[in-house]
Amino acid sequence: MAVAEGAEPISLKEAERPRSTPIADAWRLFRRNKASLVALGTIITIVFIAITASLWTRLGLLDARTGVDAMHTINPVNQAQQDSYPDPGVCARDNQDRNPYWCGWLSGDALASVQDTYCFRDEPVADQRQWCYLLGGDSQGKDWLTQTVYGAQVSLSVGFLGATMSLIVGLIYGVTAGFYGGRIDNLMMRIVDFMYGIPYLVLVILLQVFFTEIAREYQDQERGGVVGFVLDLNKDMGGLLFLFIALGSLSWIGMARLARGQVLSYREKEFVEAARAVGASNRRIIFVHLLPNIMGPLIVSETLAIPGYIFTEAFLSFIGLGVQPGTPSWGAMISEVRTRGGFFSNRHILLVPSIALVMTTLAFNFLGDGLRDALDPRLRGT
Amino acid sequence: MEVTTTERRSALQTIIYFPANLLRAMGGASMIKFLIRRILAAIPVLLAILLVTFTLSHLLPGGPFNAVGQRRMPDYMIRQLEEKFGLNKPLLINTPNDGYFPDGDDWKIIGYHTETRTEGGGTGGEVRQVEERVLRIDLLNSQFFNYLWDAMHLDFGPSLNVALRDQNVQVGDEIARRLPVSMQVGVFAVILGFLLGIPLGVLAAVYHNSAVDYVAMFFAVMGQATPGIVLAPILIIIFAVELRWVPVIDQRGQWQAGPELSLYYLQILALPVITLGVGMSAGIARLTRASLLQVLHEDYVRTARAKGLRERVVIYVHALKNAMIPVATIIGPLLAGVLTGTFVVELIFTIPGLGKVFVDSVSARDYTMIMGVSLLYSIFLISGNILVDILYTWLDPRIRFD
Amino acid sequence: MSQAMPSAQTLPQRADGKERRVLVEVTDLKKHFPIRSGILIQREVAAVKAVDGVSFQIFQGETLGLVGESGCGKSTTGRTILQLYRPTSGSVKFEGQEISTLKGEELRKMRRKMQMVFQDPYASLNPRMSVGRIVAEPLVVHNIGNRKERDERVAELLELVGLNPYFVNRYPHEFSGGQRQRIGLARSLALNPSFIVADEPISALDVSIQAQVVNLLQRLQNELGLTYLFIAHDLSMVRHLCDRVAVMYLGKIVEIAESEELYTNPLHPYTQALLSAVPVPDPVVEERRQRIILKGDVPSPINPPKGCNFNTRCPVAVDVCYDQDPELVEVLPDHWVACHRVI
């Protein structure tokens, strides 16, 4: 069949033409925003450092994450130290005698009889490690650089997992309500309206107190079944699991509203009708036609919400309701400032975790702005 | 001279007639219908929130009389106290099997009970014991429904916190005492947020893509990325510890005394308000800038320019008025967020406001206080949400109530 | 309120005696959209009577034009025939089979035979899909052919509508309105349908492009033996393209006739007013053209007037028009009018 009326002549350069797929276009737009490129690089770096943190510890570049190994009794080497806070740059010799010297003499039954009271199994006797505090340390001799790096694990996982969870739950909820409409939509949106009336921090604090008390109550008990599994998992995650549940309890409702609004705006579009007219199933319409179109604004909004999750975790840890005590977290580190001497000297106690926190949230803000330029054409230029 | 007085009077009139004008501008009857509908819809929400907080707070291990960190009491004393505060009753529903039986009567879903009541005893009157037949629903003779019944009569019960219950402090009174403290911080922070945010946003938009824009937006982005727990200690170190301009904490009870025009009040107010206000101003500045930039590209602004109006008139008379629409609507969430926002600041600056009370009440298992404060926060939140809808409709005539 | 139905026995014979086979038969079709209200429990308080008792037939191989003001229910009629909206009542028969009660797999099978071309070429193509995927979608949905066969079919279809098959990997935003409409047409032809509802396919296009698309529609009709329901408000284009024309007003059909007959001898006062608005390319005739300006607005379809729907604006309304709903009757051979004043 001949090329019919009105057709364009085939361009010779058709093959060389730059591909203009939606993803390529979005990347081109994103690249134009230099600040968000830098932010993306920063986030990738922080994520990389956080993921590989235990490797650095094993290499001896970072101190231990938590526990007795992370603490050092300070025996000043380079400088006459007035208080017990190691200043940045100070090197200290760790002279903590963990096991009494006579433990080395014992063996067999004699050792077993005093095990767990005086002599601890896996610990070397009085190792005299030298540790240099690049960014200072706290009154327990914890290395602030190490704590900051491990604190990034908490902040980033709270940010990413909080965002992912709220995106998934909100998306499922909002798309269901918007797509099926009618009474289902009405009922589901009443529930959302109800949840909008719950003060976020009040619920989060109540849940966190509840969770920490439960965790404390069953600290030493063996529990079977699902409850025991969840409690163990939470313990292994340093209290993060319950924190996710508390933070996620309400954060999805905004996303559900946004997702529903997006679905409503696309549901009546003619291309969806066209898909219906050829007999496409609801599943196909949702996954092939609706989701790819509505994801952009949702991802943007979720990226911009990440700093909020990080702030809330930091605040909860600051007031002692966040991660389990001992787990490194920026909020808990900042709260050290309120302990003896924090406000009056040893500014690194405050500054190191603060800079890390601000840098991370700044990066997510810029990343969100860049993504908005790239993915959300409605808001371009604002 | 004449002109100024007229203007002043009209300004006064604007304020006096504001409610009526607001109502008319918002579509009168339909607005009232909308308001009534929203308030009616809020009632089940508040009930559900009470139920949730009630359940959650009673799920917390321990109780008000044996919470962690308190002196242990003998069991009989705990039982006595529980009876006194009605905590021996069933939690949600009083069923006949495990239920709470009124003195000497049978359990009835609904029926008459004989109750003894003390009467008289006033000035010179004699004290009498009066027996009375009272209609009661036993099914609802539980802690939750008794609380609900009292709360509907605006009686939020006595505080169960060990420090307060001995003095028989009522939750309502305690909240009434603490709320103004929180409000001081919140309201001044919102004012600061607007005073700082709007000029910054306008400057950034007017000098779009210039150094002014970049500096303003850098400030805004930094403000958004810096949480209270970072900003507050930094401010304390600079202004309280190093410069010694302000005290670290209030030692004169000024928060409870309330606002007054004194240097000391300003001193203790400054840091909390700045901490909270800077974050708000950052959001307001970005919103103002975006909104104004959008408006400046609209046709009617181009028309105003084409008419030969001065640029200043174009921006401040024609554009800014419309650009303020989305900015004004932020006041709803801001006001709703004022209380939860002050939460953070109160705990950092140890301000004796509601946030502090709430955290204390949770750890003391002060059930009545937990529910009272949660209810108040919810009412604020819901009113804020309603306010947003009303403001939208008022400012943008294209949106109608339906 | 049922209108007199041109029954299947009386009409297969055309006025000129040629055999006609009924492809689509619509009987007393109604589509009401409920309006719900309430705080907690939503109840139906009213209904928008978008289509309120419409009956007509479409014959094999013809083009039926459906004209009327915007909001009169012509698009809803088209969509209800295709079962994109499920009718409130009434019947739609396709090749003699009732389709308004079909569900699931049976309905899906039926959809292969009837397709739609949409008005807005910018909204009718999914911006996230390449042209190849868009045109192949009907084949994928009905599980026709393997990947290679589908690619071949897509290329064939693109060529059929006058597009370069090289375009398969491009995305809709890279095309002009006319090209997009061709893509939409290729998609609707993918399943070899026999009936196409064209919902104002040219009204969103530049005038210079409109003729191209109309010519393409005509060529495809000749080559593939298609039957069209052509929904439009551009009366001159309808006259050029359509064999018969139905005029709708406020959810009802007021007049159906052969195209030439309707344009030369409009009987319903509404049709007359509508046609008087069309400029005539002959300056002498144009000079004498009398415009009938209708007073007032179209009443709300939530609350249509009692009696004849048109009585609020009709220049010749009499008492009976405010009381009784006129039925659609055949006043001339093949010329049906619903008006008390015409009989």
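The values are calculated or read from the model by the stated rules, or taken from the named source; none is laboratory data. Since the model is a prediction, treat every value here as computed from it, not as a measurement. FYI the Cβ positions are ideal-geometry reconstructions off the backbone, even for glycines, and counts take in every protein chain you see. SASA here: full protein model, heavy atoms, side chains in, ligands and nucleic acids out. Shrake-Rupley method; radii C 1.70, N 1.55, O 1.52, S 1.80 Å.
Here each label is just a point 7 Å from Cα along the line to Cβ, and for C:Gln97 and C:Glu286 those points are 5.1 nm apart.
Annotation: lysines with alpha-carbon distance below 16 angstrom to C:Lys252 (same-chain offsets under eight excluded): C:Lys30, C:Lys31, C:Lys49, C:Lys74, C:Lys306. Restriction of the GluC sites (Glu not before Pro) in segment A:153-237 to DSSP coil positions whose beta-carbon has at most 10 other beta-carbons within 10 angstrom yields A:Glu222. Compared with the dominant principal axis of the Cα atoms in chain C, helix C:177-189 is inclined by about 80°. Length available on full extension from B:Leu266 to B:Ile238: 0.36 nm per residue minus the Cα-Cα distance, which gives 8.4 nm. A cut-off under 11 angstrom between Cβ atoms defines the neighbours of C:Gln97, and their net charge, with Lys, Arg +1 and Asp, Glu -1, is -1.
When the Cα positions of C:Cys242, C:Leu185, C:Tyr171 are compared along the charge dipole of segment C:164-274, C:Tyr171 comes out farthest toward the positive end, with charges on each C-beta of Lys, Arg, Asp and Glu. In segment A:193-216, the residues whose accessible area drops by at least 50 square angstrom when the other protein chains are added to the isolated chain are A:Phe194, A:Gly197, A:Pro199, A:Leu201, A:Val202, A:Ile205, A:Leu206, A:Phe210, A:Glu213; the probe is 1.4 Å and only protein heavy atoms count.
Here C:Arg147 and A:Val230 are evaluated by their C-beta separation; at R0 = 45 Å the FRET efficiency comes out at 0.45. Each label was represented as a point 7 Å from its Cα along the Cα-to-Cβ direction; for A:Arg283 and B:Met73 these points are 6.0 nm apart. For chain C, the Stokes-Einstein estimate of translational diffusion at 4 °C and a viscosity of 1.567 mPa s comes to 61 µm²/s, using the Kirkwood hydrodynamic radius over alpha-carbon pairs. Taken along the Cα-to-beta-carbon direction at a fixed 7 Å, the label points for A:Ser113 and A:Ile184 span 7.3 nm. Take every Cα pair under 8 Å whose residues are at least 6 apart in sequence, average their separation, divide by the length of segment B:171-395, and the relative contact order is 31 percent. Separation of segment C:307-343 and segment B:252-310, taken as the distance between their Cα centroids, equals 65 angstrom. Overall, segment B:171-395 carries a charge dipole of about 620 debye about its Cα centre when +1 sits on the Cβ of Lys and Arg and -1 on the Cβ of Asp and Glu, all other atoms neutral.
Per residue, the accessible area of segment B:171-395 comes to 42 Å², computed with a 1.4 Å probe over protein heavy atoms only.
Rg over Rh of segment B:171-395, using C-alpha atoms and the Kirkwood radius, what does it come to? Present the calculation step by step, with values, prior to reporting the outcome.
Details: Rg = 20.1 Å, Rh = 19.2 Å.
Radius of gyration over Kirkwood radius for segment B:171-395 works out to 1.05.
Note on B:Val130/B:Gln256: beta-carbon distance plugged into 1/(1 + (r/R0)^6) with R0 of 41 Å gives a FRET efficiency of 0.45. Ordered from highest to lowest accessible area with the whole protein assembly present and a 1.4 Å probe, C:Lys30, B:Lys84 read as B:Lys84, C:Lys30. Show me you know the interface measure: the accessible area buried between B and A, both chains summed, probe 1.4 Å, in Å² to the nearest 100. Chains B and A together bury approximately 3600 Å².
Buried between A and C is an accessible area of approximately 3600 Å², summed over both sides with a 1.4 Å probe.
Taking the accessible area of segment B:171-395, probe 1.4 Å, and keeping the other protein chains in place, the carbon and sulfur fraction comes to 66%. If a spin label sat at a point 7 angstrom from the Cα of C:Ser276 along the line to its beta carbon, the backbone N atoms of segment C:308-343 nearer than 14 Å would be those of C:313-317.
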